[in-house]
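Comments concern the structure below.
The values are calculated or read from the model by the stated rules, or taken from the named source; none is laboratory data. Values in this document were obtained by computation on a predicted structure and should not be read as measured data. No Cβ is skipped: glycine too gets one built from the backbone with ideal geometry, and neighbour counts run over all protein chains shown.
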There are 4 protein chains.
Amino acid sequence: MKKVAVGMFGFGRTGKLVVNEFIKDPIFDVKWVVRRTKNEHHKYASRLLGHEKDEGEIFSRNDIGEDFYKKNPVDIIVDFAGTHAVRSYKAAADEGIKLISAVSKYDTDDYEMLMALKRKTAVLYSPNITLGINFLLIASQLLRKIAPHADIEIIEEHFREKEEISGTAKKIAKALSLDETKKINSIRVGGVVGRHEIVFGLPNQTIRLVHESINRSAFGQGAIFAAKWLIGKPKGLYSMEQIISRIFAEANYVY
Amino acid sequence: MKKVAVGMFGFGRTGKLVVNEFIKDPIFDVKWVVRRTKNEHHKYASRLLGHEKDEGEIFSRNDIGEDFYKKNPVDIIVDFAGTHAVRSYKAAADEGIKLISAVSKYDTDDYEMLMALKRKTAVLYSPNITLGINFLLIASQLLRKIAPHADIEIIEEHFREKEEISGTAKKIAKALSLDETKKINSIRVGGVVGRHEIVFGLPNQTIRLVHESINRSAFGQGAIFAAKWLIGKPKGLYSMEQIISRIFAEANYVY
Amino acid sequence: MKKVAVGMFGFGRTGKLVVNEFIKDPIFDVKWVVRRTKNEHHKYASRLLGHEKDEGEIFSRNDIGEDFYKKNPVDIIVDFAGTHAVRSYKAAADEGIKLISAVSKYDTDDYEMLMALKRKTAVLYSPNITLGINFLLIASQLLRKIAPHADIEIIEEHFREKEEISGTAKKIAKALSLDETKKINSIRVGGVVGRHEIVFGLPNQTIRLVHESINRSAFGQGAIFAAKWLIGKPKGLYSMEQIISRIFAEANYVY
Amino acid sequence: MKKVAVGMFGFGRTGKLVVNEFIKDPIFDVKWVVRRTKNEHHKYASRLLGHEKDEGEIFSRNDIGEDFYKKNPVDIIVDFAGTHAVRSYKAAADEGIKLISAVSKYDTDDYEMLMALKRKTAVLYSPNITLGINFLLIASQLLRKIAPHADIEIIEEHFREKEEISGTAKKIAKALSLDETKKINSIRVGGVVGRHEIVFGLPNQTIRLVHESINRSAFGQGAIFAAKWLIGKPKGLYSMEQIISRIFAEANYVY
């Protein structure tokens, strides 16, 4: 079976873990990795990550000229870099290259640029691309529909240095129409990687949906899940939540 | 708005709590309650449960003669009694009375009798009729579909005297194709009313779906949910899981 | 072995559960129960609670005259009533009757009256008299001593109607020198009876001490534990935390 | 203040993390690290771990001759290597160097050699040297003493590849006189680093003591805690549980 050719943007702390997950997955062939700086230029990401093979040649952002995507064709671009990266790969959409972005914060112009690309190719955008969190996001909406009178609160726990309220918790609060200033409880202790709990209280029973992050490689798994799903999809805009809610809608259950 | 007239079978420990939930809900009018014995014959269940109104006249099983359902018409029968009760209300199906059974164990003959009634009226059968447990049953199947490589184990906790493995845990194991002799962990301590946890382990994240029972009135809430849903449905066989999976299939999500 | 004779104040919602626990325990003989009103005057608490024996004759507060304690001698008084009750039993201290109070809020005068009685008899005062909560209170202080750099937060969950912050959570916060306005997270959902969790976060590990209330009979068990301990103790003031910390200090460990 | 000079045995997966914790702590000066192989001989462990200073010169086991400890004096040796290491540092005891071993499995001869050293110097041996686990071990014994009728079960969760039952869970079971074949529930899912929960069930309340490992650096923190405590102690045999139980015995509580 032909492998799926992947180009990647971002080789920072999270980016490296994501690249590593794609390199380990036999379905994918990581052609290149674009990073901001000239560090380790033209080396192989695979070697830097301890693998005994050549995969993922490192390019700098400045290397991306007119014909980069013609000379270095891929099926999908996966972006864990930052708001600027979209400028470097918007030409890729003209080549029909599919796009996955997990960038958490976009400048308005960059965000609009990304959104515009949906008219040319399949674009999937999800700031938190982990499977588990997106499952929670959808499942909690269902539970609220089944039990509309339930009281709902969110508990999110992270390492002591994390100052702001979890963006994921805010997103869940929004999806459930909860007042995020009252219903999100933020715990900041020690080295907790990340834990989100949604508590549904009914008079005679309590339901808890809990997601615990072990490490940031979970983003890589989510991106792989998204990439497999996006292959073969027509142009348009997609998100992880949408993938998962479609699976929910089409499922057959045992009972 | 016209109230939904309800007849109930079962006035034991759980039955009383369920009858009480229906009496408290303004949508329903509990016409009568059938119990096995002659205790408190012709008294009102509502009075026995501390309400200041007359609702739910108590009948004995032996009172149910030929024309009981003509003289004492209801829209729905709710059965929390035992395997025998179906024999007392099978005539009700001919009157178009809808049926909800939450009986946990049926003798084969009684079970077949119940199943046969689906050709005459709408029958809903769910041994564990709580909202939360049925949500877990469906949501866990979805998560398994999204993350087929996840390792799954079930932890069920109950009071020390409960000897057998939780039937609910077994049902979840079956729905998830888990080996129930290996993947169900039964904790028996103190007075725990009932706690079920399904753990999904992925390499970099863990998801937990947890249901905690506070008391057995949760069965009443589940039956009320089922009763509201069953009104207006055509004849046929239904279950709680089916209701919930339909809601899942028809939902619109925010993302 | 001679039973311990007990007199009880309080026959409200919690009081009844506590009286019931003492009646069930073969070590104790509940001589009488004093309640505020004249309801069920001279009936037996045991009968009202469904037991097939006569124990705990019901008196009204107004029955307690000069010679009540001489005519109705007991070894210990257990008080789950309210701030006023101490006025009715202060004469008991002169008879050497030991006192256990679990009253949550005292008026200043009543509190001082209770405290003064320690010069005449053994007085144990603990507003939250459950074993589990007092264990958490002591164990969390130890953990803080062992791991002084740990970040600590408290999560307390209760039923939706509970408006104020849990007094128990406040007490734990005070014992751990935590800012109660910042480190207590209050969840109010459904029918949760009561759940307290103390989270200790270290850079590479997290420790959680969790107490879950199943029902208010836990207060009765705590009072029984306290009563057994108080027998044979000299006059003075005691508390549940003190009992437990002494056990901690005197324990021999397996390692 | 003079730093505490430390020599370390073990530079494998866990050993590196432990060495790193000691290097980061300003109280300690890591003089040398002994590893099995000749890899990175005479380099500095600090550099290999990304620090901008020279600390912890790497030696091979074969470098340890007659006068090694005279030429390379330290206050404490910390051993995260294996059963053999004790043979290399038994001469150190003659120099009065204190010893900390966290080796999980010893051959009988090596174990006896370690035990014999207590007659010459202060020896602390704890196979699981994390603070949190040792706290659980002691606190659970106390809770059992306070609530002897509680039902107790242990839940231990680890990554899917871990085959045997957790040694820590077995140790807790032994300390609590639990039948380890019945009361330990082992969950094996995904990438869980390590989670131990001790559930105490009483009729009306449940208490849970939970320890969650985030990563193996927790061993380093435990060893640092042990090392600080061992300085100034006379010769003899010590353990983490013993340190913690002494702290329990000497504590003053707020109540």
Looking for something touching a Gly at 6+ places or on another chain (Cβ under 8 Å) and touching a residue at least 40 places away in the same chain (Cβ under 8 Å) - is there at least one such residue anywhere in the range A:99-110? yes
C:E156 passes all but one of (1) buried (at least 21 other Cβ atoms within 10 Å of the Cβ); (2) modelled with pLDDT under 95; which number fails? (2)
Any residue in the range B:13-23 that is surrounded by fewer than 17 Cβ atoms within 10 Å (Cβ to Cβ) and either of a type outside the set (K, R) or in contact with a helix residue (DSSP H, G or I) (Cβ under 8 Å, 6 or more places away or on another chain) (or both)? no
Any chance you could count how many residues in the range A:243-252 are at the interface with another protein chain (Cβ under 7 Å from one of its Cβ atoms) and surrounded by 17 or more Cβ atoms within 10 Å (Cβ to Cβ)? 3
Among the residues of the range A:192-243, how many are aliphatic (A, V, I, L, M), in contact with a Leu (Cβ under 6 Å, 6 or more places away or on another chain) and closer than 30 Å to B:F225 by Cα? 2
Test each condition in (1) in contact with a helix residue (DSSP H, G or I) (Cβ under 8 Å, 6 or more places away or on another chain); (2) facing chain A (nearest Cβ under 8 Å) for B:A226 and report the one that comes out false. (2)
Selection within the range C:228-250 - in a loop (DSSP other than H, G, I, E, B) and either among the polar types (S, T, N, Q) or not assigned by TED's automatic domain parsing to the domain that holds C:R119 (or both): C:S239
Picking from A:V193, A:V123, A:V210, which residue would you name as being touching a Gly at 6+ places or on another chain (Cβ under 8 Å) and either in contact (Cβ under 8 Å) with a residue 60 or more places away in the chain or not basic (K, R) (or both)? A:V123
Out of the residues in the range A:89-146 that are buried (at least 21 other Cβ atoms within 10 Å of the Cβ), among the aromatic types (F, W, Y) and outside any strand (DSSP E or B), which is nearest to the chain's Cα centre (by Cα)? A:F135
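For (1) of a type in the set (K, R); (2) modelled with pLDDT under 95, each residue gets a yes or a no:
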{"site": "C:E163", "(1), (2)": "no, yes"}
{"site": "C:E180", "(1), (2)": "no, no"}
{"site": "C:G190", "(1), (2)": "no, no"}
{"site": "C:G194", "(1), (2)": "no, no"}
{"site": "C:R208", "(1), (2)": "yes, no"}
{"site": "C:S217", "(1), (2)": "no, yes"}
{"site": "C:L230", "(1), (2)": "no, no"}
{"site": "C:M240", "(1), (2)": "no, yes"}
Can you tell me which of A:G12, A:G50 is under 19 Å from the mean Cα position of the chain (by Cα) and not hydroxyl-bearing (S, T, Y)? A:G12
Taking the range D:227-246 as the region of interest, how many residues are more than 12 Å from the chain's Cα centre (by Cα) and under 16 Å from C:L202 (Cβ atoms)? 2
Just the residues that are free of Cβ contacts under 8 Å to residues at least 60 places away in the same chain and either of a type in the set (A, V, I, L, M, F, W, C) or under 17 Å from C:L230 (Cβ atoms) (or both), please, taken from the range C:75-91. C:V86, C:A91
Which one of these does C:M113 not meet: (1) over 16 Å from C:S239 (Cβ atoms); (2) more than 11 Å from chain D (Cβ to nearest Cβ); (3) hydrophobic (A, V, I, L, M, F, W, C); (4) touching a residue at least 60 places away in the same chain (Cβ under 8 Å)? (4)
Out of all the residues in the range C:126-133, is one or more more than 8 Å from every other protein chain (Cβ to nearest Cβ), farther than 29 Å from D:N134 by Cβ and of a type outside the set (S, T, N, Q)? yes
Quick one: which of A:I187, A:I224 is more than 18 Å from B:L136 (Cα to Cα), more than 14 Å from the chain's Cα centre (by Cα) and crowded, with 18+ Cβ neighbours inside 10 Å? A:I187
